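Only one structure is covered here, and it is reproduced in the block below.
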Amino acid sequence: MESNEVISLVEEAIKARENSYCVYSHFAVGAALRTKDGRIFHGTNIENASFGLTLCAERTCLFNAISNGVNKDDIMELAIVADTEKPVSPCGACRQVIFELTNKDVRIYLSNLKKEVLHMSKYDLIPYCFDGSDLD
Ligand code: THU
């Protein structure tokens, strides 16, 4: 049984998904994050005829929040949703970006339209990640 907090963020990601621009793949993805002070930011996937320019929902969501002045330490939880049989699996690029732009305690909810939820830490998503400390 998921808490109201988890389900409400999954529902925000479902709302975000409604704005998907996925005219090529027809695979709509939504993401939503909640900050410690309760603000919600949305992101969805935005495709391009030059396929490599597509931006995934997770990165759009994080870039949206950061662009609006959110500090990574303020991001409490992030939900990601697609119309998949099992909770959606974020791509490798998004795992790397989630790792960069969140702190160690962020709670990540992988979900689908049935609101099945897999709870992850960022370390579950990308173990032994290349990060800023490797540049020291
Ligand atoms: N997509 C995401 O938005 N997030 C992911 O983690 C996986 C893939 C999008 C990119 C593209 O628009 C569509 O899903 C199919 O790959």
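Coordinate-derived values only; no laboratory data. The structure presented is a predicted model; accordingly, all values stated were derived computationally and were not measured. Because the Cβ atoms are built from the backbone with ideal geometry, glycine has one as well, and the counts that use them run over all protein chains shown.
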Spelling it out for Arg107: with amide H atoms placed in the peptide plane at 1.01 Å from N, the residues 5 or more places away or on another chain with amide H under 5 Å from its amide H are Glu77, Leu78
Measuring from the lowest to the highest alpha carbon on each principal axis, how far does the chain reach, largest first, in angstroms?
42, 40, 28
Zone reached by a paramagnetic label modelled 7 Å from Asp105 Cα along Cα→Cβ, restricted to the stretch 1-32 with backbone N below 18 Å, covers 5-6
With both partners inside the chain, how many of the DSSP beta bridges are antiparallel, as a percent to the nearest 5?
70 percent
Hey, any idea what the orientation-averaged projected area of the convex hull of the stretch 18-68's Cα atoms comes to, in nm²?
3.6 nm²
Determine ³J(HN,Hα), in whole Hz, for all residues of the stretch 10-27 in sequence, where each value follows from phi through the Karplus function 6.51 cos²θ - 1.76 cosθ + 1.60 and θ = phi - 60°; x replaces Gly and Pro.
4, 5, 5, 5, 5, 5, 4, 4, 5, 8, 4, 10, 10, 5, 9, 8, 6, 10
Treating the beta-carbon of each Lys and Arg as +1 and of each Asp and Glu as -1, no other charges, what is the dipole magnitude of the chain about its Cα centre, to the nearest 20 debye?
200 debye
What FRET efficiency do you get for Glu116 and Tyr24 if R0 is 25 Å and r is their Cβ-Cβ distance, rounded to the nearest 0.05?
0.40
Step through the residues of the stretch 112-118 one at a time and calculate ³J(HN,Hα) from phi using the Karplus curve (6.51 cos²θ - 1.76 cosθ + 1.60, θ = phi - 60°), rounding each to whole Hz and writing x for Gly and Pro.
9, 5, 7, 6, 6, 10, 10
Taking 7 Å along the Cα-to-C-beta vector as the label spot, tell me the Asp37-Asn71 distance in nanometres, rounded to one decimal.
1.1 nm
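How far, in nm, would the chain grow between Tyr128 and Ser50 when pulled straight, counting 0.36 nm per residue and subtracting the alpha carbon separation?
Result: 24.9 nm gained on full extension.
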Take the chain, connect every pair of alpha-carbon atoms lying under 10 Å apart with a spring to form a Gaussian network, then pick out the residue of Leu33, Leu110, Leu118 with the largest mean-square fluctuation.
Leu118
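Take every Cα pair under 8 Å in the chain that's 6+ residues apart, average their separations, divide by the length, and report that relative contact order as a whole percent.
Working: 274 pairs, mean separation 28.3, N = 136.
Dividing the mean separation by the residue count of the chain yields 21 percent.
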Residue-normalised 222 nm signal for the chain, counting each DSSP H run of n ≥ 4 as -39,500 (n - 2.57), nearest 500 deg cm²/dmol, is -8500 deg cm²/dmol
For a quick protection proxy, order the peptides 45-54, 72-81 by their average other-Cβ count within 10 Å, most packed first.
72-81, 45-54
